[in-house]
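What follows is one structure encoded as structure tokens, with my remarks underneath.
The values are calculated or read from the model by the stated rules, or taken from the named source; none is laboratory data. This is a predicted model, so every value here is computed, not measured. Using ideal geometry, Cβ is built from the backbone for each residue, glycine included, and neighbour counts are taken over all protein chains shown. Protein only, heavy atoms only, side chains kept; ligands, DNA and RNA dropped before computing areas. Shrake-Rupley method; radii C 1.70, N 1.55, O 1.52, S 1.80 Å.
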Amino acid sequence: WSRATMLVVPYKNGAPVQFTKPISKYIKSQYSKDEVARQDAAMGALSKYRAAVMQGSTVGGESGIEGLLDYLAVIRGVRDKLPSSASGKLRLCFTWFDAFKPRSKTYKYTWDFEAANVWYNLGALHSSLGAHQDRSSQAGVRAAFKHYQEAVAAFTHLKEEIVPTLEGNLPAEFNQAGLDMCIELHRGHGQSCFYEKAKMSSMKPGVLARLAMQASVFYGSASTHCASPVLSRLLVKEGYAKYCQYKTEVFKAAAEWQQSRQILREAEAKSEGYGIEIAWLKRAHNSCQRALGHCSQPGDRESAQALQTAIQTRLNQATEDNNVIYIEPVPRDGSLTDIQPVDMVKTCTPPDISARSTPSLFSSLVPP
């Protein structure tokens, strides 16, 4: 499982923004020509903060995250002093290429739109950093989990606080289905990490079953959003839907496999229940077969085949033992009790932008 592929969402690219000319014109008209000269350094600093954000997809680790957070703090500090809008005295054109259709672009004249794209990229960068962690150790799994939790926080904040303020046409990633897909995908990744860590810690099979089932639920929700009219055609080439379908079934199979192990423990303690174990193994086998039908990544296929081998080996042995020794009836699949999932990916609060110590740009300007 440590080699299982973690799908990332793409980092958005933005077109350059010309700050100096329109801001200078605005300051001259609203304040004075002398004030333009006094704000020259601030205009340069604003351009540098944005330029750093444009490099975010190539800047790894905390430096990339810090650059995004710093620019969000700068936006918060200048938006009232430099009120930009399509019909206002200051018209700063912010153009961003769509995440899932990068040949298309959307432009608007508001700082809210600029901030929305930066918040999206914050989530996307955490997505990428989480996927690049070495999850062969508990420390690596914890690091990946933290990044996925932060990605969920960024996308949730974007959905609840930023996008509702935007008007007009929006790219698919800012549609409700697009944001919900991003949120549920990374909840699935986070839950998957928790399951991996729990396995390393040798937790009881019954606990592992509940953890795996919740991962399946999250990926199933992401799969549903992938199939929405807004996203379905955009995500076919990248394989998001197929990936989420695979994850839904493979974690369902893992949950059922772990549940069969729990039932075996109980059967050995009570000297009965071996038929129930077989029923769970059969269900797990079928789920794993469905997972393999959706699998497209070599690493994922290897993991699913290893799980399938373990299930099939135990099913053969359990069936033989039951036929010869225990002779218990195997219950119908529909009579099995559902595995109750347990959610370990609690939504954390997004970073507090107001607490960041970035320079106060355009400090002498009084908001109109």
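Annotations
- A probe of 1.4 angstrom, applied to the heavy atoms of all protein chains, finds Asp80 with accessible area near 100 square angstrom.
- Calculated SAXS-style log₁₀ I(q)/I(0) at q = 0.08, 0.11, 0.14 Å⁻¹ - the chain, Debye, Cα scatterers: -0.50, -0.78, -1.09
- Loop GluC sites (Glu not before Pro), the range 206-309, which have at most 10 other Cβ atoms in a 10 Å radius of their Cβ (DSSP): none
- Counted residue by residue at 0.36 nm each, then reduced by the alpha carbon distance between them, the extension gain from Ser47 to Ile327 reaches 93.2 nm.
- Applying the criteria of a DSSP loop state and at most 15 other Cβ atoms within 10 Å to the trypsin sites (Lys or Arg not before Pro) of the range 1-41 yields Arg3.
- For the range 141-260, the pair-distance distribution built from all alpha carbon pairs, in bins 5 Å wide starting at 0, is 2, 13, 19, 20, 18, 13, 8, 5, 2, 1, 0 percent.
- In this structure Ser271 has an accessible area near 90 Å², from a 1.4 Å probe over the protein heavy atoms.
- Taking all protein chains into account, the per residue accessible area for the range 46-188 stands at 40 Å² (1.4 Å probe).
- In the chain, taking the dipole from charged Cβ atoms about the Cα centre, the farthest positive-side position among Gly140, Gly64, Leu208 is held by Gly64.
- The lysines whose alpha-carbon is closer than 16 Å to the alpha-carbon of Lys101, local same-chain residues fewer than 8 away aside, are Lys12, Lys237.
- Enclosed volume per residue, in Å³, of the convex hull spanned by Cα atoms of the range 251-368: 221 Å³
- Other residues lying with their Cβ under 13 Å from the Cβ of Leu179 contribute a combined charge of -3, Lys and Arg counting +1, Asp and Glu -1.
- Tail beyond 24 Å, pair distance distribution of the range 55-208 (Cα, percent): 40 percent
- Average Cα contact separation per residue, the range 218-368, under 8 Å, 6 or more apart, as relative contact order %: 22 percent
- Using bins of 5 Å that start at zero, the share of Cα-Cα pairs per bin across the range 202-242 amounts to 6, 22, 20, 15, 12, 10, 9, 6, 1, in whole %.
- Cross-link reach is defined here as a Cα-Cα straight distance under 20 Å, omitting same-chain residues fewer than 8 places apart; for Lys89 the lysines meeting it are Lys21, Lys25, Lys28, Lys33, Lys81, Lys108.
- Part-to-part distance (alpha-carbon centres) for the range 213-240 and the range 24-56, which is given in Å: 42 Å
- In summary, the lysines within cross-link reach of Lys199, defined as a Cα separation below 21 angstrom excluding same-chain residues under 8 places away, comprise Lys146, Lys247, Lys252, Lys346.
- Cα centre as origin, Lys/Arg/Asp/Glu Cβ charges: the chain dipole, Debye: 1140 debye
- Loop trypsin sites (Lys or Arg not before Pro), the range 140-239, which have at most 13 other Cβ atoms in a 10 Å radius of their Cβ (DSSP): Arg233, Lys237
- Taking each DSSP H run with n ≥ 4 as -39500 (n - 2.57) and averaging over every residue of the chain yields -20000 deg cm²/dmol at 222 nm.
- In this structure, the amide hydrogen of Ser84, modeled 1.01 Å from its nitrogen in the peptide plane, lies closer than 5 angstrom to those of Trp111, counting only residues at least 5 positions away or on a different chain.
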